[in-house]
Each structure stands twice: as C-alpha cells, then as structure tokens.
Amino acid sequence: SAGAAINGAIGGGAFFQFSGLDFAPNGDLLVGAFQDFPAGTSGAVARSNTAITSISDFIPGASSLNGVGNLLVVGNDLYVTAGFAGTVSRYNATTGALDNTFSIAGLVFPASLRRC
C-alpha cells in the first residue's frame, strides 16, 4: 500500500490480488498472487523488475499455492505460505525452481512467516 504502483498482470491477468512481498537477492521485488479468478483454485508468484515498473510471471499458478499469503527470502531461498492449500513451500529465489526437499502441508491457513 506504500510506494510505486506495480504495473502488469500475473498469469495472463488471471491473478489480480497481490499479497506478500519480498526482495530477491538480485533486487527484484517478488510479489505473491493470492488466487486466480474466477476459478479460485490456485496461487502464483510474480517478479517485478528492480525499478518496480513492470511485473512478469515467476512461479506459475498451482493449486499448492492457492491463497498465497506471505513471501520470505532467506539467502537464496524463497518461502511461500498458501492459506487455502495449507502449505509452506520453498523455492529458489533466483530461478523460481521448487525445492522438493522441503514441504510443510496440512496446516490450517498458514499466513505469516518470520525470520529468526
């Protein structure tokens, strides 16, 4: 709600509700896409350029990301909560690749992450 407007569409315009934000190691702003519309079955993550003047797809829409709430970058790891999916997943913050060695599922609407 503060700062420059983020311009662009995520997932061809299917995602219009932005949620969590954090900066990737290269300075790009990562933007959570809460849920697709009208289906309401998946979430995604987008990436804005360093100047925050454009946005593009980064992690494609998936049911495992339905209800993206918070993003947290630690080193080159991107942690993503997904409330409706009940998951916390980890991705490579530079490439967007899923880290299959880390997954938390079965949570009741995880919404927040905290750096310790």
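For this structure, a couple of remarks:
- Looking only at residues in the range 85-103 that are more than 24 Å from Asn49 (Cβ to Cβ) and open to solvent by 70 Å² or more (accessible area, probe 1.4 Å), the one that is modelled with the lowest pLDDT is Ser103.
- Listed conditions (1) touching a residue at least 24 places away in the same chain (Cβ under 8 Å); (2) exposed (fewer than 14 other Cβ atoms within 10 Å of the Cβ); (3) in contact with a strand residue (DSSP E or B) (Cβ under 8 Å, 6 or more places away or on another chain) are all met by Gly75, apart from (3).
- Ile59 being modelled with pLDDT under 95, of a type in the set (Val, Ile, Thr), open to solvent by less than 30 Å² (accessible area, probe 1.4 Å) and out of contact with any Leu (no Cβ under 6 Å at 6 or more places or on another chain): no
- In the range 30-56, the residues that are within 22 Å of Leu107 (Cα to Cα), open to solvent by 30 Å² or more (accessible area, probe 1.4 Å) and in contact with a strand residue (DSSP E or B) (Cβ under 8 Å, 6 or more places away or on another chain): Phe34, Gln35
The values are calculated or read from the model by the stated rules, or taken from the named source; none is laboratory data. From a predicted model like this one, the values you see are computed outputs, not experimental measurements. Please note: Cβ atoms are built from the backbone with ideal geometry, for glycine as well, and neighbour counts cover all protein chains shown. Accessible surface is based on the protein model in full, side chains and every heavy atom, while ligands, DNA and RNA are left aside. Shrake-Rupley method; radii C 1.70, N 1.55, O 1.52, S 1.80 Å.
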